[in-house]
Amino acid sequence: MASSVISPAPTSSFINNKKDLGSFCFSSTSQFSVNKCKKLAVSKKIVSVMAPQQSERRPATTGSVKNAMTLTEKIFARASEKPQLSPGDNVWVNVDILMTHDVCGPGSFGIFKKEFGENAKVWDREKIVIIPDHYIFTSDERANRNVDILRDFCMEQNIKYFYDIKDLGNFKANPDYKGVCHIALAQEGHCRPGEVLLGTDSHTCTAGAFGQFATGIGNTDAGFILGTGKVLLKVPPTLRFVLDGEMPDYLLAKDLILQIIGEISVAGATYKSMEFVGTTVERLSMEERMTLCNMVVEAGGKNGVVPADGTTFKYLEDKTSLPYEPVYSDEKASFLSEYRFDISKLEPLVAKPHSPDNRALARECKDVKIDRVYIGSCTGGKTEDFLAAAKVFLASGKKVKVPTFLVPATQKVWMDVYTLPVPGSGGKTCSQIFEEAGCDTPASPSCGACLGGPKDTYARMNEPMVCVSTTNRNFPGRMGHKEGQIYLASPYTAAASALTGYVTDPREFLE
């Protein structure tokens, strides 16, 4: 299915139709297609439809028949100790890393104790990672108690990787505290190619950027894994996204994933693996690949994955000493669908309220007046996200016109904001540029207002507002108030919008 247009066999009952998307965000020469097995009655919105080529399956002369597998299928096969798997197979998978945090940890521990006994021990204290990050800097007693429960369990079980916080008044006084779990997992070396990483958070799929299977699970599954190290999973079929072309300087990975979600919808990848390949993906940094994989769950995806390469291995050099073995999709692996994009023709995007697939060009929303800008979260609170925002502020030389909140994802990101020089700034750091632009002082690292949280959460929307945000969801009530309106955007677009007080295409300042 590598070709953009493939003619079906004369006897096929399927159609092949290529539709120009130039009227939306590509030129008329744009190369975008999707090859998908569908019946003739399917909606005309399908860009390109075809019957997959089926090779005759002959009986094996010796041993079992071996079919080509995708990257995700190979990880499942290795983790389940099976020589061959296909989409739809249900298998018991050996888990390499289990992560939980302050919101779901207490419930998971309760289920573990109920099912395995009050005095039971976890299956492997070195494969469990506990990261408080969601409701941390708050006076809410129940939220504070959740962190206490994490601490008690980790002491009882002698958990090796517990990133604790005790002094809420000064996060820097807690050297073990990290911040947002999905970024901390990568920074602390818990993400490795070819492995299975599960977490009690839907955005655990972020770790797929490292060429591993990573997905969110519920408290019940987590409780079972705590006791056994195993979980029953169904092998997902794989959608392949081929992103080619030189990415313009005004785009970031957030634009790429918003384009994909806008194309396939929030249900387009339900219980499917989303594999990202192509020359554009190969040139992305690890943090940008994390952004790409982070939002596959907003398309309904089971997991997202980028094949490991030199960029991956370089990132991991000083992060982990544990051995790992990357796997890759076979050349003849079967993909449920293949989508192709020419990224050189893409324009800056936003997702309008109230759905991540409500895609629009940023320039089409220039008349939308906003009340605030939020830069942070596992999606848009990484070091490179803040460097990108600082680049826009630096290029403009102006001050923001609306309150602009900055929430670094982790303690390391916070330090980078205050120490790393911004390219082309003459040695200025992000924090200096943010101060000159009139932004709020960077806050303590955490999930912040992304999920709303207790009413005293920093930057929470406690009244109806319009916000441009680098977060991942814009459902009603997501960042606080149920009548709030959230426009999801890249750090470039968020910063540009802060400078004008309206949703703004970053090319206004970057070209």
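Name the single residue that is least open to solvent (accessible area, probe 1.4 Å) among those in region 311-370 being among the polar types (S, T, N, Q) and under 23 Å from LYS272 (Cα atoms).
Among those that are among the polar types (S, T, N, Q) and under 23 Å from LYS272 (Cα atoms), it is SER337.
Each residue in region 371-384 was checked for being in contact with a helix residue (DSSP H, G or I) (Cβ under 6 Å, 6 or more places away or on another chain) and over 24 Å from GLU275 (Cα atoms), and 3 pass. On the stretch given as region 374-387, residues that are open to solvent by less than 10 Å² (accessible area, probe 1.4 Å), over 22 Å from MET465 (Cβ atoms) and over 15 Å from the mean Cα position of the chain (by Cα) total 1. The single residue among VAL95, VAL91 that is more than 25 Å from LYS166 (Cα to Cα), of a type outside the set (S, T, N, Q) and surrounded by 22 or more Cβ atoms within 10 Å (Cβ to Cβ) turns out to be VAL95. Count of region 108-155 residues, restricted to those that are open to solvent by 60 Å² or more (accessible area, probe 1.4 Å) and either modelled with pLDDT under 95 or in a loop (DSSP other than H, G, I, E, B) (or both), is 8. Scanning region 160-179 turns up no residue that is under 14 Å from ILE128 (Cβ atoms), out of contact with any His (no Cβ under 7 Å at 6 or more places or on another chain), outside any loop (DSSP other than H, G, I, E, B) and open to solvent by less than 20 Å² (accessible area, probe 1.4 Å).
Confirm whether THR220 is of a type outside the set (A, V, I, L, M, F, W, C), surrounded by 24 or more Cβ atoms within 10 Å (Cβ to Cβ) and closer than 27 Å to VAL266 by Cα. Here the answer is no, as THR220 does not meet what is asked. Evaluating ALA360 against the criteria (1) outside the structural domain of CYS447 (by the TED database); (2) assigned to a strand (DSSP E or B) leaves one unmet condition, (1).
Of note, ILE370 satisfies the criterion of being touching a strand residue (DSSP E or B) at 6+ places or on another chain (Cβ under 7 Å) and either in the same structural domain as MET479 (by the TED database) or of a type in the set (Asp, Glu) (or both).
Looking across region 232-250, the residues that are in contact with a helix residue (DSSP H, G or I) (Cβ under 7 Å, 6 or more places away or on another chain) and buried (at least 24 other Cβ atoms within 10 Å of the Cβ) come down to VAL235, PRO236, THR238, PHE241, LEU243. Looking at region 213-242, I want the residues that are free of Cβ contacts under 8 Å to residues at least 40 places away in the same chain and more than 27 Å from PHE276 (Cβ to Cβ) and have a partner that is open to solvent by 10 Å² or more (accessible area, probe 1.4 Å) and part of a strand (DSSP E or B) with Cβ atoms under 9 Å, at least 6 apart or on another chain. Which pairs are those? Between residues of region 213-242 that are free of Cβ contacts under 8 Å to residues at least 40 places away in the same chain and more than 27 Å from PHE276 (Cβ to Cβ) and residues that are open to solvent by 10 Å² or more (accessible area, probe 1.4 Å) and part of a strand (DSSP E or B), there is no close pair. Restricting ASP367, ASP330, ASP318 to those that are among the acidic types (Asp, Glu) and within 30 Å of LYS401 (Cβ to Cβ) reduces the list to ASP367.
Condition check for MET274 on (1) out of contact with any Asp or Glu (no Cβ under 8 Å at 6 or more places or on another chain); (2) open to solvent by 50 Å² or more (accessible area, probe 1.4 Å): one failure, at (2).
Taking (1) within 24 Å of ARG192 (Cα to Cα); (2) in the same structural domain as GLU126 (by the TED database); (3) open to solvent by 20 Å² or more (accessible area, probe 1.4 Å) in turn, LEU284 satisfies each apart from (3).
May I ask you to list pairs of residues, at least six apart or on different chains, whose Cβ atoms are under 6 Å apart, with the first in region 304-324 being on the phi < 0 side of the Ramachandran plot and assigned to a loop (DSSP other than H, G, I, E, B) and the second being modelled with pLDDT of 95 or more and open to solvent by 30 Å² or more (accessible area, probe 1.4 Å)? Listed by first residue and then by second, the contacts come to PRO307/TYR328; ALA308/PRO326. Consider region 186-225 and keep the residues that are among the hydrophobic types (A, V, I, L, M, F, W, C) and part of a helix (DSSP H, G or I). The one that is farthest from the chain's Cα centre (by Cα) is PHE224.
The values are calculated or read from the model by the stated rules, or taken from the named source; none is laboratory data. Keep in mind that what you see is a predicted model, and the values were worked out from it rather than measured. FYI the Cβ positions are ideal-geometry reconstructions off the backbone, even for glycines, and counts take in every protein chain you see. All accessible areas refer to the heavy atoms of the entire protein, side chains included, with ligands and DNA or RNA removed. Shrake-Rupley method; radii C 1.70, N 1.55, O 1.52, S 1.80 Å.
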